[in-house]
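Notes follow the structure.
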Amino acid sequence: MQYIKIAQTDEIKDGEKKKITLDNKVLLLANVKGTYYAIDNKCPHMGGSLFDGNLDGYNIVCPKHGSVFDVRTGKAVKGGKIIFIKVQANDTQAYPVKIEGTDILVGLE
Ligand code: FES
């Protein structure tokens, strides 16, 4: 696994998130209680940008249909809805994050 620098710790405060665009993917980076988490930004249901959703503790809510993902694991913890129809999203990919000094690095395969 290769770790690459994606941000600096002072760019993203507790409770904040940032969209990180890499060559072949877009990540959502979140700071929850001083720990940083990275998941795919693209909702596995129909591609909503999770960055545009609300971060509520460890949960990010997809702005399109309201599926909820845990930023620690990428797991879909709650399905969303299209009008009255419930939708079930698959889990999204989570990536390991490490801090070196003030650099935030994410591990990619
Ligand atoms: S696109 Fe995210 S819940 Fe539908």
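The values are calculated or read from the model by the stated rules, or taken from the named source; none is laboratory data. Predicted model only: the values in this text are computed from it and were never measured. Glycine also receives a Cβ, built like all others from the backbone with ideal geometry; neighbour counts cover every protein chain displayed.
Please specify each residue of region 45-56 satisfying the condition of being touching a Gly at 6+ places or on another chain (Cβ under 9 Å) and either loosely packed, with under 15 Cβ neighbours inside 10 Å or not small (G, A, S) (or both). Selection gives H45, L55. Count of region 52-72 residues, restricted to those that are of a type in the set (K, R) and either in contact with a His (Cβ under 9 Å, 6 or more places away or on another chain) or over 18 Å from I20 (Cβ atoms) (or both), is 1.
Somewhere in region 1-18, is a residue within 16 Å of the ligand (Cβ to nearest atom) and either surrounded by fewer than 19 Cβ atoms within 10 Å (Cβ to Cβ) or aromatic (F, W, Y) (or both)? No, there is no match, as no residue in region 1-18 is within 16 Å of the ligand (Cβ to nearest atom) and either surrounded by fewer than 19 Cβ atoms within 10 Å (Cβ to Cβ) or aromatic (F, W, Y) (or both).
Restricting attention to region 73-99, the residues that are more than 10 Å from the ligand (Cβ to nearest atom) and touching a residue at least 40 places away in the same chain (Cβ under 8 Å) total 9.
When region 94-109 is limited to residues that are loosely packed, with under 15 Cβ neighbours inside 10 Å and touching a strand residue (DSSP E or B) at 6+ places or on another chain (Cβ under 6 Å), the one that is farthest from M1 (Cα to Cα) turns out to be T102. Residue count for region 37-67, restricted to those that are part of a strand (DSSP E or B) and either in contact (Cβ under 8 Å) with a residue 24 or more places away in the chain or within 11 Å of the chain's Cα centre (by Cα) (or both): 10. Tell me, please, whether a residue that is farther than 19 Å from T102 by Cβ and either hydroxyl-bearing (S, T, Y) or at pLDDT below 95 (or both) can be found in region 3-15. No, the conditions are met nowhere in region 3-15. Restricting attention to region 23-36 and to residues that are farther than 15 Å from D10 by Cα and surrounded by 23 or more Cβ atoms within 10 Å (Cβ to Cβ), the residue that is farthest from the chain's Cα centre (by Cα) turns out to be L27.
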